[in-house]
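Just so it is clear, none of the values below were taken in a lab; they were calculated from the coordinates. On a predicted model such as this, the values are computed, not experimentally measured, just so you know. As a convention, Cβ positions derive from the backbone with ideal geometry for all residues, glycine included, and neighbour counts pool all protein chains shown.
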Amino acid sequence: MTEPETENAGQSAYQRLLDELPRTGLGTRAGEMLRRYWHPVCLSANLKDIPIAVRMLGEDLVIFRDGKGTPGLVGIRCPHRLASLEYGQVREDGLMCSYHGWRFNARGRCIDQPLEPRESALKNNIRHLWYPVEEWGGVAWTYMGPEKENPPPLPKIDVLARTDGVVKLVDGDVRNYNYLNWMENFADMAHATILHGLVVRDLPDELKPYSDTSIKNWTPLPVDHVETDYGMKTVSVLDTGDPEIKFVNTWALAMPIHWRFSGLRSGFPPDFTDERQEGGGMIRIIDDTHFELIRYSLTRKGNFTGGWLFGLPANLKGTVEERTYDKRRYKGWEGLPALEDLVLQESQGAIPDRKLEHLASSDRGVIMMRRLWHQAMEDVAAGRDPKGVSRQANGMLEVDTFHGHIKASELKVGPENMPSSIDGGGLIRDKNGDLVFS
Amino acid sequence: MTEPETENAGQSAYQRLLDELPRTGLGTRAGEMLRRYWHPVCLSANLKDIPIAVRMLGEDLVIFRDGKGTPGLVGIRCPHRLASLEYGQVREDGLMCSYHGWRFNARGRCIDQPLEPRESALKNNIRHLWYPVEEWGGVAWTYMGPEKENPPPLPKIDVLARTDGVVKLVDGDVRNYNYLNWMENFADMAHATILHGLVVRDLPDELKPYSDTSIKNWTPLPVDHVETDYGMKTVSVLDTGDPEIKFVNTWALAMPIHWRFSGLRSGFPPDFTDERQEGGGMIRIIDDTHFELIRYSLTRKGNFTGGWLFGLPANLKGTVEERTYDKRRYKGWEGLPALEDLVLQESQGAIPDRKLEHLASSDRGVIMMRRLWHQAMEDVAAGRDPKGVSRQANGMLEVDTFHGHIKASELKVGPENMPSSIDGGGLIRDKNGDLVFS
Amino acid sequence: MTEPETENAGQSAYQRLLDELPRTGLGTRAGEMLRRYWHPVCLSANLKDIPIAVRMLGEDLVIFRDGKGTPGLVGIRCPHRLASLEYGQVREDGLMCSYHGWRFNARGRCIDQPLEPRESALKNNIRHLWYPVEEWGGVAWTYMGPEKENPPPLPKIDVLARTDGVVKLVDGDVRNYNYLNWMENFADMAHATILHGLVVRDLPDELKPYSDTSIKNWTPLPVDHVETDYGMKTVSVLDTGDPEIKFVNTWALAMPIHWRFSGLRSGFPPDFTDERQEGGGMIRIIDDTHFELIRYSLTRKGNFTGGWLFGLPANLKGTVEERTYDKRRYKGWEGLPALEDLVLQESQGAIPDRKLEHLASSDRGVIMMRRLWHQAMEDVAAGRDPKGVSRQANGMLEVDTFHGHIKASELKVGPENMPSSIDGGGLIRDKNGDLVFS
């Protein structure tokens, strides 16, 4: 019997972390961390007069809107005889179980038991599982942490607050693997130059003058990862033909479920103003091996809108012609980034066994992301707020993304100075296509 | 280390009982209790020249009818090389395995091994699993208990013995949850006033004068539960407009798989005699999480037969218009009692975790039922016959149900005196619709 | 505490063997034995420009053909971030992961990491799982044993080397049960007289003079099992009307995945030479409960080819008319031997619990087969080559099968002298149908 060596102990702690990271359930270290943040439950527009069963972080719940319009989120099993409240009836002041009529309000109080004697006080002792719901920006959100009676303010996604353009919000893209497969993909910008470069995509004619194909040396992608107050961002600065002009791409990841990027929609014709269209979204974590993507985009007057897909193609087919002898689940899948990401992320397995990985320098973003998750887990275990939980009443979640050209002299990579679509910095081209900076 | 407190020990024993109750397998306390009763295997009409695989109380068996018409029920795996006898061949005197021709009779004896030398005595040593089968009333029944060589007489369901009307027998309604979800629903008459009252059902015009809508104070339902020699019955006595006249509803549950009620079909126009139509049925327990309902009804001359559904609607749709945004498994399900029961029972889960329940006074029927089950388990463990097992040769299982109006002065709730469809008591209305009592 | 009795210990060792026999995975006794043989992976014709996921002996692999035509078989998960190489890209010198571009050659070496700095030596340390592939006879084969750097020569299936007829090779018949259910069926010729005799099959008119129906005393089948250098063969010698003439049927099983028989196609009109058509095949073991059949046949000029099915019927229907009340998975399944075998083998269960068997004299072939498997497992455990593994460079796997009439005086049952389609012995009838011997 010998003492375990320090290296082995360290290795073992890291391997334990790799096992803990993807967990989402109550009582797991990562699940407890996730419960310190607000999570989207469903789009407000879907919350009508039927209760909706939702699995959130491995807990089976039902969300409903009572007759007065108040949303509620409660445990799916009626505490009486365990019938599912998914088949309950929406009533003026709560949700009624269809089996014996027990009625619950949005705070889990039992407010009626019609089969019990009228003088019975039994209902007063029932405390049904509930979580607070806040509706904002077209989404019903919940907070499942220990402070549910008095949760920190909901961090409002800046894009969803915008009134100077059209915000599109799309749900329903449910995946059958762990949400970290998605998040690690997003923390890893370099994959784009390989995976999304497998097939040369046709750019619409009117965009060709502004194509990224002027960029040299895509691979290996020069990329920096910067820790921010909301999480992290990834910045790639590329040389163009003009040594004074750099092409910059930025992606932002706000812990633990938000992402933001501005892609080809940014700063394009016809008006080339700073009216960048932004894409982003958030993850509804269902359980360890399922999640739903809720995507949004902001399109303002003048943004290029044609020909770009928002999310997955309906038929899950890429742009490569399908070969008759292709027997894979996804055939001819290459050519559409959202589908390419789905195929590769799913292929990693429902919960990848990360102990088998061989990380390389291209994984610096993934490593930073895991470090942030680990720190947040440590903070929660020590009773501290994890990164991105703010007690400020405002609670607007502002992240910065950028995709376009910028003067080398104005470029400084860091958490504080990237132009965003909020502060109006970073005008890109004039209507003749010449570079102009604000 | 301290002694467990009495209260905790009692709690623990009750919780252990809750876990044991739904079990059906060999060697479980509840499964051993179930094996002291006869169980339906299939309808006689289905037993033709093909063996039928049947799972009974968690045991995989095959039922067949040999060329002489004798039914047999034996283990599904041939004891030779484990091929399934579901693919066996019916022969004059037994069932032949299609693989190597071993032939078995209805008592599990191997009566031929055509590939063995003619002088071989090997077959005499084969004892294949078998259970006795008795055909009666259109059903093939089996007894899977320790007395299979000499089982107690089959308790014959009175309705199936009736010759004064048309008996309809319907199988094939297979459920994917534990049979107790069904039975507890039946021991709990009060659910009907909530669940089956969610949607106001249209009564055919000719029945409207006799509608239950004259009843006041449906909720909470005044209900009594009475232990009987066959199991239990539930009686609800309701006030009508006339203080001398009560409306009575009775449901009967015969241990452990039979139920009986007489619903809207009872005593209705055009002849209003005591020729009540009765509904009921029995459960074929497949395993812990599956069962099949075998329903029957007795319709005599004059009974109202139109417009009432027997069992589930083919499309599993209720009478409520389906909303496009309803994503539940059962959409627009309300309005048909059999479907309503399916939806709520299934929603409790395959095996509900009863330790999470909060029982109330409306659950007195469920509590009585569990007490009967518990007593039967105790009786079997102590070597006694459980309730309802009779050694009498007659073995007719007579239960009493009632649904209609009765004079208050004639009403006495107890196990002995409810009018039944057998003894002819309880004439309800004359042909003018006036109340008449026998 | 008493010593286990010898009998019990022996029984226990045999029961342990029964449990071990069907295992195929790495580290199991039987799996290690299987890894000393070459196994088919896929047909060469299917290996085009898309990688194919293949599960082999429970290991998830991907087979591909690089741009130079070289086949490779490597672990399916990219060692970088665990994406599936099933979605990799075939490149000139290997297979590239689509996620981050890591490229692997057929020997598991990482030959490019495009996102890493050009001076990085990281890729030199990557050792990805690989197995050698050899293409021969239209099949890509692999050897998954410890000698993979220098495996024993591939034993070439004689039929696939023939150039004097048409070889047909068909894959794609995947089964959802253990491969030994199939192999034990083949080691057990006697089943044919029962299972394949359930339905009298129509022989084409031109074959009726040569039908086996001249044979008397089919049951019990007189059968001998002979151990050979490649495995075992089963010989049945039957009396005909002429006491000088015997009808002989031989099946051969080459360890551990090959089978060969010559059935009704052998020596029939119009030329009655020794140009017997042979049927056979091999098993691709997927895992403990799945395998794929790869069948082949050799048809030479003059062989009867009409009306005989090669493998399973597309609709999985037999020749018996389907009855409306047949609810089994396979309905009306009797009448086609390949389907009859499927139905009965599958019915034994995914992995039959052989401890419940009752073997009889008709199982002598099965018993010999298990003894061979056991001996091979023992040999491998002791570091010896198991039966059929040859170090000779030639490596042709010649087995002998026969189906036809032969002079009683020339008949000697043993491993050395049965006429085969290779040595030309055993001419059967002349063009008038008279018996002629070579």
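Just a few scattered comments:
- Teacher prompt: residue A:163 distances to equivalent labels in other copies, 7 Å Cα→Cβ, nm: 8.6, 8.6
- Label-point separation, residue B:412 to residue C:375 (7 Å along Cα→Cβ), nm: 8.6 nm
- The residue list B:377, B:390, B:411 was ranked by how far each Cα lies along the charge dipole of the range B:356-414 toward its positive end, using unit charges on Cβ atoms, and B:411 comes out on top.
- Placing a label point 7 Å from Cα along the Cα-to-Cβ axis, residue C:224 is separated from the same position in the other copies by 8.7, 8.7 nm, shortest listed first.
- Remark: C:225, B:196 ranked as B:196, C:225, counting other beta-carbon atoms within 10 Å and listing the fewest first.
- Which listed pairs, of A:327/C:156; B:233/B:412; C:233/C:407; C:48/C:317; A:156/A:412; B:168/B:412, have C-alpha distances above 22 Å, in listed order: A:327/C:156; C:48/C:317; A:156/A:412; B:168/B:412
- Distances between copies at residue A:411, taken between label points 7 Å from Cα along the C-beta direction, are 9.0, 9.0 nm in increasing order.
- Under Karplus coefficients 6.51, -1.76 and 1.60, residue-wise ³J(HN,Hα) of the range C:67-73 in Hz, glycine/proline x: x, 8, x, 7, x, x, 9
- Its alpha carbons considered, the range A:348-401 gives a radius of gyration followed by a Dmax of 15.3, 44 Å.
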